[in-house]
Structures are given as structure tokens and as C-alpha cells.
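Taking it in order: structure first as C-alpha cells, then the write-up.
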Amino acid sequence: TDLSDILDRRIFGVISIAPAGAGIFKVLEPGAEEPVNGGEAIDCVIVTSHPMNIRWGTAFGERGSGDPPVCRSVDGVEGIDEGGEVHACADCPYNRFGEDGQRKACTNKRQLYVFRAGDLFPMLFALPPSGLRAFDNYRVGTRLTVRQPMHAIVTRISLAQKRNDAGVAYSAPVFTPVGLLPQDGALQVKAYVESIVNSVKKAGIFADALTGAASAQAEPADDTARPA
């Protein structure tokens, strides 16, 4: 079967955070057309992750569900704009905070690949900017306390209710270790996911797959109006 045909059937499901501080996840299962209520917490194994930058031409409430971003980066290093031009994210003026701490035009996220119990393929969960520091702290903390790699830990992702400087409610992800996988099982899961990711990269359609996932994700208001 051609890999592009497989991706058209959405083998990668999408987990997102419902907007406006609803306190729940939305889950778009592989092959489904519409997301469903995913509950207030998700237990999963976070197998791998990478930076991802997305820039939209219009505000979230003003664009259609199928509108593509005007620029995207699947590694947080190089971006490809709508004209096909490649540029360095570090030098991009859209990837900088504006005067008086105004938020970036480019949204910095992190793409997580997670397995829930019973999943055949990993789910994509693009962390919003408000979740980046919590995830980094969790990665470091589990290395020091649990002393196991991320792909060996069963993680519970829950949501904390917060408000940004403008008083807008949003839900921020919280990461908690709740169990461990057997060593053999953890290595098998990691190898399996990495083989899928590498296969998609080699097919040259990795960016399209990730952009599709990012487009399906609701964007909650968060606390990125000013730099930390």
C-alpha cells in the first residue's frame, strides 16, 4: 500500500486541548472525521517528540478549518513558507517577541507522539506554548527521580485552569508519572514509533502529515502574551 494512501486514512490520530478553558481534551481518532470528548486526563506513553513552529495568516477565529498555515517548520529549525521558500527560524522576524513583550506571530509548539492503551499507531499531541516549560521540567524531573527514559514511563496528562494577562481562561497541560512499562516492552514501543516516523520522513510527506495534525488542533488562549 502506498504510504500517502495510508496517511490519507489518518493513521495518526490527534489529541488537542479544547479552547476557552473548557478543561477537557478533544480526540480525533484515526480515520474519524470529527473529534470527540477525550475527558479531563489522558494516560499514555510519550515515545518521542520534536519542536514544531506554525504561523497562520489570520487569527484562529477568522480562518476556516481547512485553511493552511502561511509558514510551517516540522523541526523548529527551518521553516517553509507558502511560496516554498526555506528560511532559518532563529533569524525569522515572525519568531520574535514584539515591542512591549507582544506575542510572537509564529507559534512555537512541540509535537508529542503518544501511545494510549490499545493504540496501534501513535497519537499526535502538539503542545501549545503554555505547555512547553511544564514538559521540559517533567522530562528533567523524571530523569532525576524516576530514573527511567520517557518511553518507559506511563504519563498522565491532565489540565490546569489558568488565565492570561488579559483575563482569558485557558487550560495548561500538567504531566505526572503514574507507572512504568517493562523494559522489553518500552524498547519495543520506542523502536516501533521511530520506524513509523522515519518511514514518513523518507516518503517526503512528513511536513504535510504534521501540518494536517496542527490544523485539526484547537488553539486555546494561553499565557504567551509576554516572554517569560
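The values are calculated or read from the model by the stated rules, or taken from the named source; none is laboratory data. This is a predicted model, so every value here is computed, not measured. Cβ placement follows ideal geometry from the backbone for every residue including glycine, while neighbour counts extend to all protein chains displayed. Just so you know, the surface numbers come from the protein's heavy atoms only, side chains and all, with ligands and any DNA or RNA stripped out. Shrake-Rupley method; radii C 1.70, N 1.55, O 1.52, S 1.80 Å.
For the range 119-170 versus the range 11-60, the spacing of their alpha-carbon centroids is 13 Å. The residues packed around GLU85, meaning those with a beta-carbon under 15 Å from its beta-carbon, carry a net charge of -2 if Lys and Arg are +1 and Asp and Glu are -1. Heavy-atom accessible surface of the range 14-140, averaged per residue, reaches 50 Å², computed with a 1.4 Å probe. Local charge for TYR138 was computed over the other residues whose Cβ lies under 13 Å away, with Lys and Arg +1 and Asp and Glu -1, and equals +4.
Extension gain, ASP43 to ASP119: 0.36 nm times the residue separation minus the Cα-Cα distance gives 26.2 nm. Within the range 15-162, the ratio Rg/Rh, alpha carbon atoms throughout and Rh by Kirkwood, equals 0.97.
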